[in-house]
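The values are calculated or read from the model by the stated rules, or taken from the named source; none is laboratory data. What you are looking at is a predicted structure, and each value in this text was computed from that prediction instead of being measured. Positions of Cβ are generated from backbone atoms using ideal geometry, with glycine treated the same way; all protein chains shown enter the neighbour counts.
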Amino acid sequence: MHSLIGLSKESRFLSRMPFYFHGGNGQQYPPSRPRQSRKTMRPSLARTVTPREVWAWAMYDFANSGYTTVVITAIFNAYFVSVVAGNQPWATFAWTAALAVSYAAIMCTAPVIGAYADAYAAKKKLLALTTIGCVIFTALLALAGPGSLWLAIVLIVFSNFFYGSGENLVAAFLPELARGRSLGKVSGWGWSLGYVGGLVSLGACLAYVSWAQGQGRQAADFVPVTMLITAVLFAISSLPTFLFLKERAAGRGNFLRA
């Protein structure tokens, strides 16, 4: 490319003007532009990252959002207070205390889990373990019923712990997938799929609840089934993550210095 230094103002202006080719019919046609490569068309992604891999990463948000929507927010929390704890004055406190214990455990163990994952490039393996843990303990919530307060507390503490630990691990993949300025955009794709996943799980559970209520069944009969529905949807929807998401980090091999 020739430098514009030393050219007159008119020459510099003309060098920036678009030139048009005239056709035989008097029409003007702009010069053709080179086609963009796939890399140029996907500036948000890091090198060697494919759209399918990003979709697989975002699908984990789709998968685990059913847990927070059904268990923590919409169905099991109300069931815990009204049925498991029998609407006692301390029922809501017991629920929030159980969540507080699980969140405290997440905060205390997150640095250790993160250091281990960095040292041995084990994010994906640990994510698989936390996913299995959350799925199992969510399914076991089906055993919680009237009078089984301590069982329900233990199950909610462990299921929420595995859920939160998995959230930390899957978020650690983001810098490997997106370029610096596009981290927010790619993260937003995960958030959007998360909302969809939460609604899908909630819709499936509410459809069953409506049917069960129409059959004259009580909450102690149909809420446990919604825990199984949520666990199964979580397990199935997370499969693309483990099939297509790659572990790109190179382990340091020293856990104490990670």
Has the range 110-126 got at least one residue that is within 30 Å of Gln88 (Cα to Cα) and of a type outside the set (A, V, I, L, M, F, W, C)?
no
Among helices (runs of 4 or more DSSP H) lying entirely in the range 146-243, which contain 1 or more residues that are closer than 20 Å to Val135 by Cα?
149-171, 183-214, 219-237
Subset of the range 50-97 [in contact (Cβ under 8 Å) with a residue 60 or more places away in the chain and hydroxyl-bearing (Ser, Thr, Tyr)]
Tyr60, Ser65, Tyr67, Thr68, Thr69, Tyr79, Ser82
Read through the list (1) aromatic (Phe, Trp, Tyr); (2) within 25 Å of Leu126 (Cβ to Cβ); (3) without any contact (Cβ under 8 Å) to a residue 24 or more places away in the chain, then give the number of the only condition that Trp211 fails.
(2)
Every pair of residues 6+ apart whose Cβ atoms lie under 9 Å, when the first sits in the range 193-207 and is surrounded by 17 or more Cβ atoms within 10 Å (Cβ to Cβ) while the second is not in a helix (DSSP H, G or I):
Leu202/Ile75; Cys205/Ile75
Just one of Ser102, Ser37, Ser44 is at negative phi, surrounded by 14 or more Cβ atoms within 10 Å (Cβ to Cβ), among the polar types (S, T, N, Q) and modelled with pLDDT under 95; which is it?
Ser44
In the set Phe62, Phe80, which member is crowded, with 17+ Cβ neighbours inside 10 Å, under 17 Å from the mean Cα position of the chain (by Cα) and of a type outside the set (Gly, Ala, Ser)?
Phe62
Residues of the range 175-192 satisfying the condition of being surrounded by 16 or more Cβ atoms within 10 Å (Cβ to Cβ) and within 14 Å of Arg248 (Cα to Cα):
Glu176, Leu177, Ala178
When the range 133-186 is examined, which residues are found to be at pLDDT below 95 and among the acidic types (Asp, Glu)?
Glu176
Pairs returned, first residue in the range 144-170 that is touching a residue at least 40 places away in the same chain (Cβ under 8 Å) and of a type in the set (Gly, Ala, Ser), second residue that is assigned to a loop (DSSP other than H, G, I, E, B) and surrounded by 21 or more Cβ atoms within 10 Å (Cβ to Cβ), beta-carbon separation under 8 angstrom, 6 or more apart or interchain, are Ala152/Ala144
